[in-house]
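Student: Here you go, one structure.
Rule-based calculations on the coordinates, nothing more; no lab input. Everything numeric here is computed off the predicted structure, so don't read it as measured data. Here Cβ is always computed from backbone atoms with ideal geometry, including for glycine, and neighbour counts include all displayed protein chains.
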Amino acid sequence: MKSSIKLFNIFGISVKIHLTFFLLPLFFLVMGGIKSMVLVLIVFICVTMHELTHSLVAMSFGIKVKDITLLPIGGVASMNKMPDNPKQEFLISIAGPLFNIVLAAVLIFVFYYAPWMPESILFRPTLGNTWLHTIALVPWINITLAIFNLLPAFPMDGGRVLRSLLATKIDYRKATRIAVNIGHIFAIVFGYLGFAHDNPLLIFIAIFVYMAASAEESHVNIKETLKDFLVKDILNPQYTTLNKETPLSKVFELVFHTHQEDFPVVEGGLLVGFVTRQDIIRSLHATGPNETIENIMRKDLPAVSPEDKLVIVQRIMEEKGTRALPVAKGSLIYGIITLEDIGRVYSLLAHRH
Ligand SMILES: [Zn+2]
C-alpha cells in the first residue's frame, strides 16, 4: 500500500499507518479537543498491540508477518498465508480480542484499588471531561474493541473464530459459506441501523463488512478449487526457451509470434535463468533492444516442480511478486506456468458450482 507510512519495526514486523488514519485525530481535535486526541493515540496503541498479539501467535506457527497497517476502523496484519488448520486459525484470531479483554480486566482491577481513581469516574467516565475521565476510558475502549472484533462477521476476528469452529465439524468451504452468510446478515443489520439512526459511520461499516465477507468467500473458493490441481495438469508442452546471447529485440519478436511472454533461459538443456514480461518491458525502456538476455534475466525466481500444487505455485508468485515461474525438476526444464494459466483453471471450474 503506497498510501501508508512506515512508523517503526517490532519483532521484525513493520508497523505502518494508513494516511486516512490521520483523519481520525483531526476529527476528534475539531470535535472534542486535546483530550480526545490523546484518546485516539491510546486507541492507536491498543489496536497496534491487538494486531501484534495476532502476529506473535501466527509467528509461533511459522507464519511470516510482513507488516501491520493501521486504518481508522482498525488494524490489518498481513501474513504470507492464513493457516488451513482450523485450530491454528482459531488461536490466531481469538488472541487479539483476548488481549484487549485481559488488558481491560487488569486496568479495571488496578484503577478499582487505586486511591486516586474514584469509583464513580471509573464506572462512568465521560469523554472530554477531566484527564482522570480520559484514563478511566481506556479499559472500556478495550472492551469495545474486543466486542467489535468478536462480531461473527468477516473481516472481523469473530468471523474467523466462527469459521474455524465450524471447520472442525464440517468442510472448510461450507464453513466459510456459513460464516460469510452470517457476515452478510450483520452487514444488512448495520446498514439498516445506520439508515434508521442517520449514522454514516455505521453505513460505511456495513458496506465494508458486506464486501469483505464476499471477498473471503471467493478467496477460499479459489484456494479450495486449486487444491486438487497440480502444475503438470495444466502444463503446456509447447514453449520457447532463450539462450543467454539472445538480444532483447529477438525476444520482443518472439512475444508477438509465440504469444508467450515469459521465457526460461537455457544452457545445454539446463535452466539458468528466467525472463518475465515485466523484465522485458523494463529493459526495453532502460537499455534498449540490443541488450542480451544474460544481463536482464533473473536468477532469484525459484523453479516449481510439475508435481507442485497450483495453490503452492500461486502463493510463491504472490510472495515473489511475479506472474510467471519456470517449471523444472532440478535443472531440467519442463516449461513455464503463469498466473493466467492458473486463472483459466479457476474460471473453468468456477462454473461447476
Ligand atoms: Zn483482530
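Student: About the Cα centre of the chain, what is the dipole size in debye to 20, counting +1 per Lys and Arg Cβ and -1 per Asp and Glu Cβ, all else neutral?
Tutor: 480 debye
Student: Same structure again: Could you tell me which of Ile63, Ile234, Leu98 has its Cα farthest along the dipole of the chain towards the positive end, charges placed at Cβ (Lys, Arg +1; Asp, Glu -1), taken about the Cα centre?
Tutor: Leu98
Student: Ok, one more. With springs connecting C-alpha atoms under 10 Å apart, model the chain as a Gaussian network and identify which of Met211, Met79, Met117 has the largest mean-square fluctuation.
Tutor: Largest GNM mean-square fluctuation: Met117.
Student: Taking the Cα centre of segment 152-226 as origin and charging only Cβ (+1 Lys, Arg; -1 Asp, Glu), how large is the dipole, in debye to the nearest 20?
Tutor: 300 debye
Student: For segment 205-301, which trypsin sites (Lys or Arg not before Pro) pass both filters: DSSP loop (anything but H, G, I, E, B) and at most 14 other C-beta atoms within 10 Å?
Tutor: Lys227, Lys244, Lys299
Student: Can you name the helices of the chain, as whole DSSP H runs, whose Cα span along the helix axis is 20 Å or more and whose Kyte-Doolittle mean is not below 1.6?
Tutor: Helices meeting the span and hydropathy rule in the chain are 34-60.
Student: Still on this structure, please answer the following. Give the whole-number value, in cubic angstrom per residue, of the convex hull volume spanned by the C-alpha atoms of the chain.
Tutor: Convex hull volume per residue, Cα atoms: 184 Å³.
Student: Continuing with the same structure: Could you pull out every residue, at least 5 positions away or on a different chain, whose amide H is within less than 5 Å of the one on Lys81? Hs are placed 1.01 Å off N in the peptide plane, and Pro or chain starts have none.
Tutor: For Lys81, whose amide H was placed from the backbone, the distant partners under 5 Å are Lys64.
Student: Which listed residue (Gly183, Ala324, Leu132) has the Cα farthest towards the positive end of the charge dipole for the chain, taking +1 on Lys and Arg C-beta and -1 on Asp and Glu C-beta about the Cα centre?
Tutor: Positive-most Cα among the choices belongs to Leu132.
Student: Can you work out ³J(HN,Hα) from phi for every residue in segment 4-16, in order, using Karplus 6.51 cos²θ - 1.76 cosθ + 1.60 and θ = phi - 60°, giving whole Hz and x for Gly and Pro?
Tutor: 10, 10, 7, 9, 7, 10, 8, 6, x, 10, 8, 8, 10
Student: Take the alpha-carbon centre of segment 262-295, take the same for segment 211-231, and report the distance between them in whole Å.
Tutor: Distance between centres, Cα-based: 33 Å.
Student: Right, here's the next one. Taking 37 °C and 0.692 mPa s as the conditions, I'd like the Stokes-Einstein D for segment 1-150 in µm²/s, using the Kirkwood hydrodynamic radius from alpha carbon pairs.
Tutor: Here the translational diffusion coefficient equals 199 µm²/s.
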